[in-house]
Amino acid sequence: MKPFRLLAFAFASLLVAPAALQAWGYDGHRIVNQLALSALPPEFPAFAKTSANAARIIYLANLPDRWRNVDPALKQSGSSWTDHFLDIEQLASAGLDARELPPLRIDFAVQFAAARVAHADKFPPIDPEKNTDHTREWPGFAPWALTEWFHRLQSGFSYLKAFEDLGGTPEEIANAQADIVYTMGVMGHYFGDCAQPLHTTIHHNGWVGDNPKGYTTWPGFHSWIDSGFIEKAHVNAADLTPRVKPAEPFALTPPAPGSDPFFTVAIDYIVTSNTLVEPLYQLEKQKLLGHGEQEVTPEGRAFIEGQLLTGGSMLARVWLTAWKTAPVDTYLRNDLAKRQAAANPDGAPAKKKRAKKAP
């Protein structure tokens, strides 16, 4: 076994061992974050891979689901419910092309609202009693959420480097590292969601509308894919880690005015996932997904494990890209330079801080 494989397998085994004591409470989101951690190359900042921080990144994978269970105001917010999905069919109903959407969330909201009015005949009426959080008017904002979380992580690495280079205190550096760990963990939830094809379609809880192929309309289908199959099949990160490949960063093109290179990456990821919606329904129709008295089949396992691996691989590449492409935080650097100058008005070189610098 190659050195990377040995390291990755040992790392994943360390993280999985405590979870086994909690039965099968580990679900797909935690697996995605675990696989992403095991895919990080050796040069990625070491502080993020310590046992304590890795455990926190895995724990945070489920935080966005806990947010949306509080009250309608939080569920409605951009940081919650509508960030978990994009129903691509609604774009077509509104006369929009997924690959031609604006990279800014508000621009899209204005565009979609106008398009929905113009194509009102393509949208079924909304039941007010089922829309108390006012989210059913929207197709979802997943690609904007992915893009925004990517830039938050870029920012985190930017200001961490500023603190490291220009005399940040140990407390400042530790807090900047904690911010990065938090962002890495939470953003994993949304990238994990979009690896699950049912987060990209109106057919998320069973097939809706015309159904000439007789796909299931069972409203529990989504839940079965999210967690039921994983529990029944005993899917876990330790078994999948040997199949993880070291992450490589995305080659982002320089942004043109009004564009965002990462938004294109996010759209491609979601559109590709959407192509697997019907194959997933076909597996269910063929009774290959282990529901009820059905046995867990190699075909069902291959599909679910493949999407978990896809989510983990994508997330690791995004983390790595954010680190490598983090821009210079000019504002913070100027402030830190002023602080250094104030501490040394005679121009004498400042004494070097003993704060531990992250690799």
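Each reported figure results from applying straightforward, stated rules to the coordinates on display, with no laboratory input. Note that the coordinates shown come from a computational prediction; the quantities given were computed from them, not determined experimentally. All Cβ positions, glycine included, derive from the backbone under ideal geometry; neighbour counts span all protein chains shown.
Ordered by the number of other Cβ atoms lying within 10 Å of each residue's own Cβ, fewest first, Glu299, Glu293 fall into the sequence Glu293, Glu299.
Among Ile126, Ile31, sorting on how many other beta-carbon atoms sit within 10 Å of each Cβ, with the fewest leading, yields Ile126, Ile31. Taking only the Cα atoms of the range 84-156, the ratio Rg/Rh comes out at 1.02, with Rh defined as the Kirkwood radius. Working value for the range 101-256: equivalent-ellipsoid semi-axes of 37, 25, 15 Å, each the square root of 5 times a Cα gyration tensor eigenvalue, largest first.
With Cα atoms defining each centre, the range 294-309 and the range 200-232 are spaced 15 Å apart in the structure. What shape does the range 138-199 take by its C-alpha gyration tensor, where a ≥ b ≥ c are the square roots of the eigenvalues and a/c under 1.5 counts as rounded, a/b above b/c as prolate, and the rest as oblate? Since a/c reaches 1.5 and a/b is larger than b/c, the shape of the range 138-199 is classed as prolate. Of all the options Gln340, Gln90, Gln282, the one that moves most in a Gaussian network model of the chain with Cα springs shorter than 10 angstrom is Gln340.
Think of it as helices only: each DSSP H run of n ≥ 4 in the chain is worth -39500 (n - 2.57), and spread over all residues that comes to -17000 deg cm²/dmol at 222 nm.
Over all pairs of different C-alpha atoms in the chain, the reciprocal of the mean inverse distance, the Kirkwood hydrodynamic radius, equals 22.1 Å.
A cut-off under 14 angstrom between Cβ atoms defines the neighbours of Thr253, and their net charge, with Lys, Arg +1 and Asp, Glu -1, is -2.
Put simply, the range 213-345 fits an ellipsoid with semi-axes of 45, 18, 13 Å; these come from the alpha carbon gyration tensor as the roots of five times its eigenvalues, largest first. In a simple Cβ point-charge model (Lys, Arg +1; Asp, Glu -1; nothing else charged), the chain has a dipole of about 1520 debye relative to its Cα centre.
Counting Lys and Arg as +1 and Asp and Glu as -1 over every other residue whose Cβ lies under 13 Å from the Cβ of Val296, the net charge comes to -2. Across Lys245, Lys213, Lys324, mean-square fluctuation computed from a Gaussian network of the chain (C-alpha pairs under 10 Å connected) peaks at Lys213. How big is the Rg/Rh ratio for the range 201-284, C-alpha atoms only, Rh by Kirkwood, two decimals? For the range 201-284, the value is 1.09.
For the range 251-256, 3J(HN,Hα) computed residue by residue from phi via the Karplus equation (6.51, -1.76, 1.60; θ = phi - 60°) reads 8, 7, 7, x, x, 8 Hz, glycine and proline entered as x.
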